[in-house]
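The values are calculated or read from the model by the stated rules, or taken from the named source; none is laboratory data. Keep in mind the model is a prediction, meaning the values are calculated, not measured. Because the Cβ atoms are built from the backbone with ideal geometry, glycine has one as well, and the counts that use them run over all protein chains shown. Side chains included, ligands, DNA and RNA excluded: accessible areas come from the protein's heavy atoms. Shrake-Rupley method; radii C 1.70, N 1.55, O 1.52, S 1.80 Å.
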Amino acid sequence: MTVPMPPRWRGLLLTTPALVVVAFAGGALLLAARGSIADGLGRGWTLSAYAGFLHDPAFADSLLLSLKIATLSTVMSAALALAVVGAVSASRRGRAALETAARATLAVPHLLAASAFGLLLSGSGLISRLTHAGGWTDGPADFPALVTGPNPSAVLLTYVWKEAPFITIMLLAAYTPAVRDLESAVRTLGAGRMRRMRHVTLPLLAPALTEACLLVFAFTFAAYEAPALLGATVPRALPVEAVELYRSVELDDRPAALALAVVIGMVIALLALAAATISRRLLRARTGS
């Protein structure tokens with residue numbers, strides 16, 4: 001006869017992979033913090049890398065650009081996922097087709113997705129050639145600068161195409177039969193689609209939506225591929241700026257690169273703490289209701 005594992009040990013065993021990842025990320029962040037306060041020649045400790053950010057307008061521009069990319073990507077992806085899930089929630093076949101399409105999109109690497117959007121949206125890309133063939137533009141110069149332009153349009157489209165399916169899967173998992181039953185009950189009482197979404201669907205899906213948005217924001221804020229391939233060279237997103245500084249042959253640039261990595265990690269950590277607090281309160285409110 002086998003002895004059942006105590007629930008405490010079972011929970012610890014199930015969370016071990018996540019704890020290993022968190023420990024690895026925390027250790028890497030500590031090493032980056034240690035390197036960021038060392039001078040380029042390793043002769044002592046200094047906060048000059050962080051002090052330099054306060055007097056560097058390029059750092060503020062890069063930080064604002066990364067926040068803009070992450071915020072718009074998250075909001076647009078969440079809005080699209082909510083709209084799609086709400087449209088097919090009542091159909092089993094629609095839910096199955098949506099989940100299959102979302103999982104297929106998630107399997108595409110971000111680097112491949114960014115390359116594909118570059119081929120589609122660049123001045124010499126497929127869409128530009130089609131508009132020229134259709135007589136809508138006279139040449140590549142007339143096509144909007146979506147790639148490496150002043151606005152991160154191609155970066156945002158790439159992230160929305162990749163992250164909306166992720167949020168969709170998270171919402172479909174939270175869209176339980178109990179949620180559908182409550183929606184049906186409210187519908188019989190005369191509530192319209194928008195009223196059901198506002199007072200029933202969104203409150204019940206809020207914890208899952210908050211967690212999904214946190215993951216999307218954290219990834220898009222710290223991701224390198226899409227901003228490097230599709231973004232402008234001035235200003236550059238924080239991850240791109242950090243990698244370029246780390247590649248520099250100047251030893252004095254190494255602490256600045258590691259300091260940028262620490263800033264990125266701290267922003268994500270603060271956001272994770274805030275999102276965890278909000279999610280916990282939403283779960284308590286849902287349980288209480």
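Things worth noting here:
- The lone exception for Thr233 - which of (1) modelled with pLDDT under 85; (2) closer than 22 Å to Ala28 by Cβ; (3) surrounded by fewer than 19 Cβ atoms within 10 Å (Cβ to Cβ) it fails: (2)
- Arg254 among the basic types (Lys, Arg), under 21 Å from Phe53 (Cα atoms) and outside any helix (DSSP H, G or I): no
- All conditions but one from (1) part of a helix (DSSP H, G or I); (2) under 30 Å from Leu54 (Cβ atoms) apply to Thr148; the one that does not is (1).
- As a summary of the residue check, Ala212 satisfies the conditions (1) under 21 Å from the mean Cα position of the chain (by Cα); (2) of a type outside the set (S, T, N, Q); (3) modelled with pLDDT under 85 except for the one numbered (3).
- Picking from residues in segment 124-133 that are open to solvent by less than 30 Å² (accessible area, probe 1.4 Å) and among the polar types (S, T, N, Q), the one that is nearest to the chain's Cα centre (by Cα) is Ser128.
- Boolean, Val160 is in a helix (DSSP H, G or I) and of a type in the set (Val, Ile, Thr): yes
- All positions within segment 220-269 that are of a type in the set (Phe, Trp, Tyr) and within 16 Å of the chain's Cα centre (by Cα): Phe221, Tyr224
- Each residue in segment 87-123 was checked for being polar (S, T, N, Q), surrounded by 12 or more Cβ atoms within 10 Å (Cβ to Cβ) and more than 15 Å from Tyr159 (Cα to Cα), and 2 of them qualify.
- Selected residue [closer than 28 Å to Ala276 by Cα and either out of contact with any helix residue (DSSP H, G or I) (no Cβ under 6 Å at 6 or more places or on another chain) or among the hydroxyl-bearing types (Ser, Thr, Tyr) (or both)] from Thr233, Thr220: Thr220
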